[in-house]
Every structure is written in structure tokens, then in C-alpha cells.
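Enquirer: My structure is below; once you've seen it, I'll send some questions.
The values are calculated or read from the model by the stated rules, or taken from the named source; none is laboratory data. The structure displayed is predicted, hence computed values, not measured ones. FYI the Cβ positions are ideal-geometry reconstructions off the backbone, even for glycines, and counts take in every protein chain you see.
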Protein chains: 2
Amino acid sequence: MEMWYTEFHTDTVKWSIKVDKSIYTDKSDFQRIDIFDTDEFGRVMTLDGLMMVNEKDQFIYHDMIVHVPMATNPSVEKVLVIGGGDGGTVRELTRYKTIKRIDMVEIDEMVVEAAIKYLDYTSNKLSDERVNLYYEDGIEFVKGLKDEYDLIIVDSTDPIGPGEGLFTTEFYTNCYNALTENGILINQKESPYYEQTAREMKRSHDKLSTIFPVIMTYQYHMPTYPSGHWLFGFSSKGLNAIEDLDKDAWNALGLKTEYYNTDLHVGAFMLPNYVKELLNA
Amino acid sequence: MEMWYTEFHTDTVKWSIKVDKSIYTDKSDFQRIDIFDTDEFGRVMTLDGLMMVNEKDQFIYHDMIVHVPMATNPSVEKVLVIGGGDGGTVRELTRYKTIKRIDMVEIDEMVVEAAIKYLDYTSNKLSDERVNLYYEDGIEFVKGLKDEYDLIIVDSTDPIGPGEGLFTTEFYTNCYNALTENGILINQKESPYYEQTAREMKRSHDKLSTIFPVIMTYQYHMPTYPSGHWLFGFSSKGLNAIEDLDKDAWNALGLKTEYYNTDLHVGAFMLPNYVKELLNA
């Protein structure tokens with residue numbers, strides 16, 4: 001028997017990978033969770049049938065969501081991660097000795113439990129003593145917070161299902177208020193290539209633009225997400241991801257990374273014209 | 001009836017797009033040629049069952065193969081294109097008034113004929129009076145040439161089938177000799193992500209390194225090629241794609257481009273660590 005996992009990138013475009021073995025499948029209150037082994041990508045986790053994380057290229061996503069803000073402000077001490085149930089974002093954050101507290105708010109406890117049990121490659125630092133896990137709705141969690149975090153990372157799914165409220169003006173406003181003076185918000189900003197994700201990218205960008213004085217967008221090559229061309233948003237109260245990048249300080253840390261480096265950091269903000277035009281339209 | 005075009009990116013990874021209508025299919029002496037219409041990508045051409053060009057994102061490939069060398073040396077007058085049967089590379093080159101001669105050497109006349117008949121979006125400048133079409137083997141064409149071209153662009157398929165000889169030390173050496181003092185060689189340098197293309201990328205890089213004093217590699221997001229993360233090689237007798245980039249001169253030309261800009265030009269050379277490590281291994 002052959003088993004293939006298939007993901008529709010649009011109604012007329014699909015991507016399939018051969019499954020060696022199903023490891024786990026269950027339905028939480030929020031979504032369907034599947035974990036399976038593959039030849040090409042090692043162990044994979046999908047949520048509601050969409051690729052979330054895999055052993056082969058998870059390093060790309062997690063390098064880019066964490067090291068870009070950390071190299072811009074190496075003084076970050078208090079971090080809030082919203083979503084990120086596989087633990088990969090927390091894993092990269094724990095490499096910084098200067099970080100004192102990491103609060104991770106994931107709405108779906110079953111995702112975290114499955115990751116702890118089956119995805120050691122991302123979840124292996126969730127037990128770090130600086131990490132506090134909250135199984136709560138991130139939207140509620142940030143309400144009313146003031147001057148609390150130096151960095152907020154919205155490591156969310158697409159704005160469909162449980163991720164939807166993490167793409168709203170109200171949520172972004174609460175994040176702004178929860179940030180300190182040098183605060184940075186990083187958010188999963190979708191992809192410019194296919195129509196649906198491009199629309200969500202634009203909506204997120206427009207909302208952030210009404211709240212934050214500094215709005216930047218950076219790209220990375222993520223082969224297992226639709227189109228492979230994905231974006232993160234960098235929004236801040238004043239720090240500029242290029243002008244304030246402290247290359248020397250970051251390189252002095254001696255962190256070994258498979259994707260990120262401080263040259264690529266700058267290069268990632270150099271967007272194609274069609275992406276800039278979509279964002280600024 | 002539903003018809004889907006499927007391309008295997010590896011033995012266990014495949015990508016499929018729904019076909020609206022088959023437009024053309026034939027076998028030349030060199031390869032199978034298919035042209036068909038799709039909802040998402042418009043008109044598509046595949047060679048031996050591999051995506052070559054489509055209406056939606058051909059601009060990315062052609063912007064990056066042409067404008068990077070042209071912005072590095074805006075004085076280019078004589079250009080040789082090897083391969084590039086769809087005509088898209090020539091189309092971008094003809095936008096430069098300063099270019100006096102474009103020789104295009106494509107081994108497969110049937111590809112060019114099909115492109116002229118069915119792919120107007122790439123082939124529409126092949127009739128420019130500065131363009132000379134040669135239906136010959138590019139490997140033979142460059143033998144014995146000295147000091148002839150300011151720019152050689154190897155717009156080839158993968159190094160399997162007719163493209164194979166375009167990835168050899170002998171061919172690269174002949175290109176070196178055919179270039180003028182400020183000459184630049186751009187070559188399709190495969191992708192770092194999947195094992196097979198990564199191996200070809202590395203082989204091409206190693207061979208070029210034994211011949212050219214300046215060897216650089218730049219990346220672009222090409223969603224319809226396997227992994228979406230693709231590379232071009234920039235090799236030269238002395239010009240450096242970053243230090244010699246003439247942003248002001250290029251921007252003064254006023255060319256409207258959908259992907260390329262002179263900031264992205266620099267950013268494209270900032271490679272992820274894993275790619276640099278593969279190249280330098």
C-alpha cells in the first residue's frame with residue numbers, strides 16, 4: 001500500500017508527499033492534528049491538513065522568526081510567544097542567555113502534548129526553567145497588558161480556524177500596549193504568491209500600519225509552505241531592523257545557525273517589486 | 001474529465017496542477033515539449049515533463065537572469081544566450097538600448113517554434129533586429145571564441161538530457177575565453193534544497209571556481225520550480241556583482257520590473273548558511 005499526504009495550495013494546485021508511517025492522529029477542540037514519518041522531510045506535523053513543521057526545514061522558519069528580532073535588539077529579556085505549539089520558536093529563544101523569561105501562550109494543549117511526545121526536535125526546550133506555558137487564548141492573554149514584553153512573536157497558523165483572531169486590529173493594538181518602549185512584534189505574515197495568502201498578508205500589513213510607527217516585512221525560503229515564498233512582519237515602537245541591527249553583538253554570541261546570518265538578515269528585507277506593490281497598494 | 005499535470009520533485013514528493021486545456025504536445029530530436037493552459041499559472045510550457053516557463057511567474061526568472069548582470073555592467077553591448085528557447089531572456093535583454101547584438105543559441109528549434117506560436121509572453125522580442133538565432137549546440141558554438149561577448153547567459157534546463165554538456169569544465173572554459181575583459185557569465189545553478197539539484201549546484205560551483213577569479217551565487221523565489229528556492233551563478237573575470245553594482249545608472253534607465261530592484265540585487269547574494277556551507281564544502 002502507498003499512502004500520500006496531499007495539500008491543496010489552491011483549488012487547482014496540490015502538493016503531495018509519500019508517507020512512510022502514521023504516528024499520531026487526533027482531533028482537539030480546535031483542530032485536527034496529524035504526525036507522520038516521511039523519507040524526504042522526516043517527521044511531519046500537520047494541523048487541519050496543512051503542513052506546520054517538519055524535520056528537514058523547520059530550522060528555516062525558526063531561525064527567521066527568532067534571530068531577526070534578537071539581532072536587532074540583543075537586550076531583549078522578556079518574550080511572549082503566541083502559538084508556536086511545536087516548541088521550535090521557544091527552542092531558538094532559549095539559546096540566548098540574556099533572555100530571562102519566555103511566556104508561551106498556546107490555545108491548543110493537545111498540540112503541545114503531541115509535540116513533547118513525538119517532535120523532540122522542536123519541543124526539546126519547553127522544559128527550560130525560563131519558559132512558562134499557558135494553555136490559553138492569546139487574544140485574551142494580551143488584553144490589558146502594559147509595558148510587559150520586549151518581544152512578542154505571533155507564531156500562528158493561517159487566519160482560518162484558531163489563528164483567525166491573531167490577525168485583527170484589536171489583537172495588534174493589545175500587543176502594541178503589551179510591549180516595552182523598545183518592543184518588537186514579529187508576526188507570521190503569510191505569502192505574496194497565491195491570491196488567498198496575499199490577501200491575508202495585505203490585511204495584516206494594513207492593520208499593523210495603523211498601530212505601529214515602524215512596519216517592515218522580511219522574506220524567507222520555506223520550501224514546504226505553499227509557493228515557498230513566505231514573510232514575517234517586523235513591527236516596532238521605534239527600532240529599525242536594518243539600522244539598529246547589531247551585527248557585531250550578534251556574531252559575538254557565537255550561535256551556530258543553519259539558515260540565519262547577519263548578512264542574510266539585511267538581504268531578507270529586500271523585497272521584490274511585486275511584493276512591495278501589493279503591500280503598499 | 002479532470003486532467004492534472006504532475007511533476008515529481010523527488011521520488012516521494014510530487015506537485016500537480018490542474019490542466020484546463022492541452023495546447024501542444026510533440027517530441028523533438030531532443031525532448032518532449034508540452035504546452036497547456038491552467039487556471040493558476042496561465043499558459044505553461046514543460047520540457048520532458050518538467051516545468052520550464054509559465055505566464056504567472058516567468059517574470060521572476062527572467063528578471064533575475066538578466067538585470068543582475070546588466071546592473072553590474074550597464075556597458076554590456078554584445079550578449080550570448082545559450083538555451084533560453086522560450087525567448088524570455090532575450091525579451092528582457094532587448095529592453096536595454098545600449099545592447100547592440102544578442103546571439104541566441106538554442107539546440108532545439110522546435111522549442112523556439114512552439115514558443116513563437118504559443119508563448120507570445122516570452123517570445124515576443126525574438127524578432128528584434130539585434131537578435132540572431134542559431135539552432136546549434138551551444139557547446140560547439142562557444143568553442144574557439146575569443147574576447148567576443150560582454151555577457152554570456154546560460155539559460156539551460158537541468159544537467160540531464162540536452163542541458164548536460166552545459167555544466168562541464170570544458171564548456172565553462174570556452175565561455176571564459178569567449179568573454180571580454182569585463183565579461184560576466186550567468187548560469188542556471190539549480191537549487192540547494194533537494195539532494196539531486198544540490199549536487200548539481202555544487203558540481204557547477206566547483207567547476208566554475210577553477211576557471212573564474214570571481215564566483216558568486218544569488219538566489220530568487222521561483223514558486224513553480226522544485227522547492228521554490230533557486231540559484232543563478234555570477235562568474236566574471238573581475239567585476240563584482242555587489243561592489244560594481246551601479247544602482248544609480250540602472251535606476252536612471254527607468255525600466256519597470258515586477259521582481260528585480262537594485263536593493264533586492266544586493267539582498268539576493270546574501271545566502272543562508274546551509275547554502276554557503278554546501279557551496280564551500
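Enquirer: Mind listing whichever residues of the stretch B:228-267 are surrounded by 23 or more Cβ atoms within 10 Å (Cβ to Cβ) and either in a loop (DSSP other than H, G, I, E, B) or at pLDDT below 95 (or both)?
Expert: Scanning the stretch B:228-267 gives B:G228, B:A241, B:Y260.
Enquirer: A further question on this structure: Can you report the number of residues in the stretch A:134-147 which are farther than 20 Å from A:L47 by Cα and buried (at least 17 other Cβ atoms within 10 Å of the Cβ)?
Expert: 2
Enquirer: Within the stretch A:193-217, count every residue that is touching a Lys or Arg at 6+ places or on another chain (Cβ under 9 Å) and either aromatic (F, W, Y) or within 12 Å of chain B (Cβ to nearest Cβ) (or both).
Expert: Counting residues in the stretch A:193-217 that are touching a Lys or Arg at 6+ places or on another chain (Cβ under 9 Å) and either aromatic (F, W, Y) or within 12 Å of chain B (Cβ to nearest Cβ) (or both) gives 2.
Enquirer: Assigned to a strand (DSSP E or B) and surrounded by 22 or more Cβ atoms within 10 Å (Cβ to Cβ), is that true of B:V111?
Expert: Answer is no for this residue.
Enquirer: In the stretch B:46-71, how many are part of a loop (DSSP other than H, G, I, E, B) and over 27 Å from B:I184 (Cβ atoms)?
Expert: 4
Enquirer: Now a separate question. Residues to consider are B:S209, B:S191; find the one that is under 20 Å from the mean Cα position of the chain (by Cα) and without any contact (Cβ under 8 Å) to a residue 40 or more places away in the chain.
Expert: Result: B:S209 is the single residue among B:S209, B:S191 that is under 20 Å from the mean Cα position of the chain (by Cα) and without any contact (Cβ under 8 Å) to a residue 40 or more places away in the chain.
Enquirer: Cβ-Cβ distance below 9 Å, separation of 6 or more or different chains: which pairs start in the stretch B:233-254 with a residue that is in the same structural domain as B:I184 (by TED's automatic domain parsing) and end on one that is modelled with pLDDT of 95 or more and among the acidic types (D, E)?
Expert: Within 9 Å, the pairs are B:S236/B:D244; B:K237/B:E181; B:G238/B:E181; B:G238/B:D244; B:K247/B:D263.
Enquirer: Condition first: farther than 21 Å from B:D57 by Cα, away from chain A (no Cβ under 14 Å) and of a type outside the set (S, T, N, Q). Now tell me which residues in the stretch B:227-269 satisfy that.
Expert: Within the stretch B:227-269, B:F234, B:K237, B:G238, B:L239, B:E243, B:D244, B:D246, B:D248, B:A249, B:A252, B:L253 qualify.
Enquirer: With respect to B:V68, determine if the residue is within 17 Å of the chain's Cα centre (by Cα) and outside the structural domain of B:E170 (by TED's automatic domain parsing).
Expert: no
Enquirer: If you go through the stretch A:48-59 one residue at a time, do you hit one that is within 25 Å of A:I215 (Cα to Cα) and under 17 Å from the mean Cα position of the chain (by Cα)?
Expert: So far as the stretch A:48-59 goes, yes, one or more of its residues are within 25 Å of A:I215 (Cα to Cα) and under 17 Å from the mean Cα position of the chain (by Cα).
Enquirer: Please find, within the stretch A:112-124, the residue that is farthest from A:R43 (Cα to Cα) out of those that are within 16 Å of the chain's Cα centre (by Cα) and free of Cβ contacts under 8 Å to residues at least 60 places away in the same chain.
Expert: Filtering first and then ranking leaves A:V112.
Enquirer: Another question, then. Tally up the residues in the stretch B:177-192 that are touching a helix residue (DSSP H, G or I) at 6+ places or on another chain (Cβ under 9 Å) and among the hydroxyl-bearing types (S, T, Y), please.
Expert: 1
Enquirer: Still on this structure, please answer the following. How many of the residues making up the stretch A:173-194 are crowded, with 24+ Cβ neighbours inside 10 Å and out of contact with any His (no Cβ under 6 Å at 6 or more places or on another chain)?
Expert: Going through the stretch A:173-194 one residue at a time, the tally reaches 11.
Enquirer: Pick from the stretch B:12-54 the residues that are of a type in the set (S, T, Y) and in contact (Cβ under 8 Å) with a residue 60 or more places away in the chain: which of them is farthest from B:V112 (Cα to Cα)?
Expert: Checking each candidate, the answer is B:Y24.
Residue-by-condition table, conditions (1) assigned to a loop (DSSP other than H, G, I, E, B); (2) over 21 Å from A:Y61 (Cα atoms):
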{"site": "A:E140", "(1), (2)": "no, yes"}
{"site": "A:G144", "(1), (2)": "yes, yes"}
{"site": "A:D147", "(1), (2)": "yes, yes"}
{"site": "A:L151", "(1), (2)": "no, no"}
{"site": "A:G163", "(1), (2)": "no, no"}
{"site": "A:E170", "(1), (2)": "no, yes"}
{"site": "A:N174", "(1), (2)": "no, yes"}
{"site": "A:P192", "(1), (2)": "yes, no"}
{"site": "A:A198", "(1), (2)": "no, no"}
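Enquirer: Check whether at least one residue in the stretch A:125-132 is in contact (Cβ under 8 Å) with a residue 12 or more places away in the chain, crowded, with 17+ Cβ neighbours inside 10 Å and within 24 Å of A:G42 (Cβ to Cβ), and report yes or no.
Expert: So far as the stretch A:125-132 goes, yes, one or more of its residues are in contact (Cβ under 8 Å) with a residue 12 or more places away in the chain, crowded, with 17+ Cβ neighbours inside 10 Å and within 24 Å of A:G42 (Cβ to Cβ).
Enquirer: For the subset of the stretch B:270-281 comprising residues that are in a loop (DSSP other than H, G, I, E, B) and either crowded, with 21+ Cβ neighbours inside 10 Å or at positive phi (or both), which member is farthest from the other protein chains (Cβ to nearest Cβ)?
Expert: B:L271
Enquirer: Could we say that B:I215 is touching a helix residue (DSSP H, G or I) at 6+ places or on another chain (Cβ under 6 Å), part of a loop (DSSP other than H, G, I, E, B) and surrounded by fewer than 23 Cβ atoms within 10 Å (Cβ to Cβ) here?
Expert: No.
Enquirer: Between B:Y96, B:Y61, which is of a type in the set (F, W, Y) and closer than 22 Å to B:G238 by Cβ?
Expert: Result of the check over B:Y96, B:Y61: B:Y96.
Enquirer: Let me ask something else. Is at least one residue of the stretch A:66-80 among the acidic types (D, E) and crowded, with 20+ Cβ neighbours inside 10 Å?
Expert: no
Enquirer: Please work out which one of (1) farther than 16 Å from B:V76 by Cβ; (2) not in a loop (DSSP other than H, G, I, E, B) is the condition B:N182 fails and give its number.
Expert: Condition not satisfied by B:N182: (1).
Enquirer: Now for a different question. Among the charged types (D, E, K, R) and within 22 Å of A:H229 (Cβ to Cβ), is that true of A:D158?
Expert: Considered against the rule, which asks whether it is among the charged types (D, E, K, R) and within 22 Å of A:H229 (Cβ to Cβ), A:D158 comes out as yes.
Enquirer: Could you tell me how many of the residues in the stretch B:1-45 are buried (at least 18 other Cβ atoms within 10 Å of the Cβ), within 14 Å of another protein chain (Cβ to nearest Cβ) and part of a loop (DSSP other than H, G, I, E, B)?
Expert: Counting residues in the stretch B:1-45 that are buried (at least 18 other Cβ atoms within 10 Å of the Cβ), within 14 Å of another protein chain (Cβ to nearest Cβ) and part of a loop (DSSP other than H, G, I, E, B) gives 2.
Enquirer: Given the condition within 18 Å of A:D155 (Cα to Cα) and not charged (D, E, K, R), answer yes or no: does some residue in the stretch A:32-41 qualify?
Expert: yes
Enquirer: List the residue pairs whose Cβ atoms are under 6 Å apart, where the first residue sits in the stretch B:146-173 and is closer than 18 Å to B:K237 by Cα, the second is in a loop (DSSP other than H, G, I, E, B), and the two are 6 or more positions apart or on different chains.
Expert: Correct list of pairs: B:D150/B:V76; B:D150/B:E77; B:L151/B:V76; B:Y172/B:I211; B:T173/B:I211.
Enquirer: State yes or no: is A:T94 closer than 22 Å to A:Y220 by Cβ and in contact with an Asp or Glu (Cβ under 8 Å, 6 or more places away or on another chain)?
Expert: Considered against the rule, which asks whether it is closer than 22 Å to A:Y220 by Cβ and in contact with an Asp or Glu (Cβ under 8 Å, 6 or more places away or on another chain), A:T94 comes out as yes.
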